[in-house]
Amino acid sequence: MSTKLVGIGEIGISANPSDIVKTMALGSCVAVIFLAPKAKAAGLAHVALPDSAIGSQRTQNLPGYFADTAIPNLIAGFRKFGATRSSDLIIKLAGGASIMDPNGIFNIGKRNVLAIRKILWQNRLGAIVEDVGENFSRTVWIEVGTGRVFACSPRKGTWEL
């Protein structure tokens, strides 16, 4: 069993049934999780910010950093595995917390979630599960072979999405 760690702004996709695709420390960041059961592929993007207009250079090195670049890159990545229609994909979201912003001044987590929902909708996609918001960070992983998605947090333990 191999674990593919996905860092901030990265995208990880696998069709190896023994792989785990994992991202850690989702505070205001959001894991956009794509599952393609027929293609037996799974992956995620660790999205940090909603809009790439503020940092075009970063999009070259980290295509998952912004919501508006992460989702098109995920879609393109899954097309390579034969997931070409919206019905081929199952999407889940996790993260988008408000950890370092108790007064909601910046609302980065909420803005990330809203941008992701909008871009998914524009691509005729939508999440079937959302574990977003609140005030705690999450670590998320996918068992590629089973398609099961888990999250954990020191405060809440481990749960399945």
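All of the numbers you see were taken from the coordinates with simple rules; none came from a lab. Quantities reported herein were computed from a predicted structural model and do not represent experimental measurements. Glycine also receives a Cβ, built like all others from the backbone with ideal geometry; neighbour counts cover every protein chain displayed.
Just a few scattered comments:
- Scoring 63-72, 14-23, 31-40 by mean Cβ neighbours within 10 Å over their residues and listing the highest first yields 63-72, 31-40, 14-23.
- Equivalent ellipsoid dimensions for the chain as semi-axes, Å, which come from the Cα gyration tensor, largest first: 23, 19, 14
- Zone residues, segment 125-161, relative to Lys40, backbone N less than 19 Å from point 7 Å out along Cα-to-Cβ: 142-149
- Its DSSP H runs of at least 4 residues, each contributing -39,500 (n - 2.57), put the calculated 222 nm mean residue ellipticity of the chain at -6500 deg cm²/dmol, to the nearest 500.
- Among the lysines of the chain, pairs at least eight places apart or on separate chains and with Cα atoms under 25 Å apart come to 24.
- Computed packing ranks the peptides 75-82, 90-97 as 90-97, 75-82, most packed first, by mean other Cβ atoms within 10 Å.
- Spatially, segment 24-77 and segment 83-143 are offset by 10 Å when compared through their Cα centroids.
- For a modelled paramagnetic label at Leu5, 7 Å from Cα along Cα-to-Cβ, the residues of segment 140-154 in reach, with backbone nitrogen under 19 Å, are 140-144, 150-154.
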